[in-house]
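Here it is, the structure in full.
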């Protein structure tokens, strides 16, 4: 059974060029050996051997080879295997006496070409087919030589039988090795294809998961801005409506507060949408993006800040940079919206084998086992980001004792 491979054409072309080059080299050797004597037998020998080689080369470059590859491949193997044997024994060519003009010499002449055919069979077919080819090819030549009566001399017969046996054994040994090597290479290719498919699927799943988590983060962000602002605004407007006829002055103050709440909510919403559209890591790099985020947080929360960041960017994998940036962003948002903190400290340390991010505030804190008030801290989202980057996230907090967020990522960060 023919083993289909996308490399069939390349293998055929390589075999064709090897055949042509071998015949050219053999012609040069014959020119050196047969310096005297008739040139016609030598010329006919090389023309008859070169003609099938040229046909083989042309077929290997034909455009329609792909469409009939299943049928043309065995024909080309038969061509490269049968041509040397038929030319040597059936056409009655007799070269002038020289070291390579006797029967043994003619067998040696055809050996490299037959090895090319053996390689093609071992490449394209199963192990059993290759063994049958090796035995059948040598039996085929033995039967031709025996039929045309070229083994009249008992010594010559013994010598030729010995050559056939040795060549058969060599063909089988070499063919088994090549076939097993090709089988192993194809298994490796299939394994790589399977691994590539799994990696593609994993990358697609990871991308969708990242998008989903980012949407959840933005949902929480908008919930903390738009929903809170609208909820407060609704309460203030309901109260102003109640006071409108009873106490117009109070109603006016409530309307003014409602207007301020609307402006604040609008500002926070614009900020959140801007962060959704922007890509600070790609535009600014990790350190500048973190510094800008921290500065904005200080202004929004009116906090006293202690910051310790590396002086310049180090190359980090994109998923690690995203993890550091998003965990910092989530932690700072929680500080601004929920902690009622006065002081905030951010420390990022990048060593050769570890990244340490510590974010600490002196706010109201919470019980991590119960969860943050209103479920706004997004602890699960930060932990998932840490896991995707191969890190661990721990949160230490107690009511009225502040919160410490610690992210540790181990790896090679030289």
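Among the residues of segment 245-264, is any closer than 30 Å to residue 324 by Cα, part of a helix (DSSP H, G or I) and modelled with pLDDT under 80? If you could, list the steps in order and put the result at the bottom.
First, pick out the residues of segment 245-264 that are closer than 30 Å to residue 324 by Cα: 264.
Cutting the leftovers down to part of a helix (DSSP H, G or I) gives us 264.
Next cut, modelled with pLDDT under 80 only: 264.
Checking segment 245-264: at least one residue is closer than 30 Å to residue 324 by Cα, part of a helix (DSSP H, G or I) and modelled with pLDDT under 80.
Output the residues belonging to segment 313-342 that are more than 31 Å from the chain's Cα centre (by Cα) and surrounded by fewer than 14 Cβ atoms within 10 Å (Cβ to Cβ). Explain how you work it out, then say what you get.
Kept after step one, since they are more than 31 Å from the chain's Cα centre (by Cα), are these residues of segment 313-342: 328-342.
Within segment 313-342, 340, 342 meet the criteria.
Do you know which of the residues in segment 42-64 that are more than 19 Å from residue 116 (Cα to Cα) and surrounded by 15 or more Cβ atoms within 10 Å (Cβ to Cβ) is modelled with the highest pLDDT? Working first, answer last.
Kept after step one, since they are more than 19 Å from residue 116 (Cα to Cα), are these residues of segment 42-64: 42-45, 47, 62-64.
Those left that are additionally surrounded by 15 or more Cβ atoms within 10 Å (Cβ to Cβ): 42, 45.
Working: 42: 73, 45: 76.
Checked segment 42-64; the qualifying residue modelled with the highest pLDDT is 45.
For segment 388-400, state whether one or more residues are assigned to a helix (DSSP H, G or I) and at pLDDT below 90. Spell out how you get there, then give the answer.
Looking only at segment 388-400, we keep the residues that are assigned to a helix (DSSP H, G or I), and these are 388.
Now drop any that are not at pLDDT below 90, which leaves 388.
Yes: one or more hits.
All but one of (1) in a helix (DSSP H, G or I); (2) surrounded by 14 or more Cβ atoms within 10 Å (Cβ to Cβ); (3) within 30 Å of the chain's Cα centre (by Cα); (4) modelled with pLDDT under 85 hold for residue 273; which doesn't?
For residue 273, the failing item is (3).
Please state which one of 160, 146 is touching a residue at least 12 places away in the same chain (Cβ under 8 Å) and over 48 Å from the mean Cα position of the chain (by Cα). Give the steps one after another, and end with the answer.
Details: 146 fails: touching a residue at least 12 places away in the same chain (Cβ under 8 Å).
Of 160, 146, the one residue that is touching a residue at least 12 places away in the same chain (Cβ under 8 Å) and over 48 Å from the mean Cα position of the chain (by Cα) is 160.
The values are calculated or read from the model by the stated rules, or taken from the named source; none is laboratory data. What you see is a predicted model, and the numbers here were worked out from it, not measured in a lab. We place every Cβ from the backbone using ideal geometry, glycine too, and count neighbours over all the protein chains shown.
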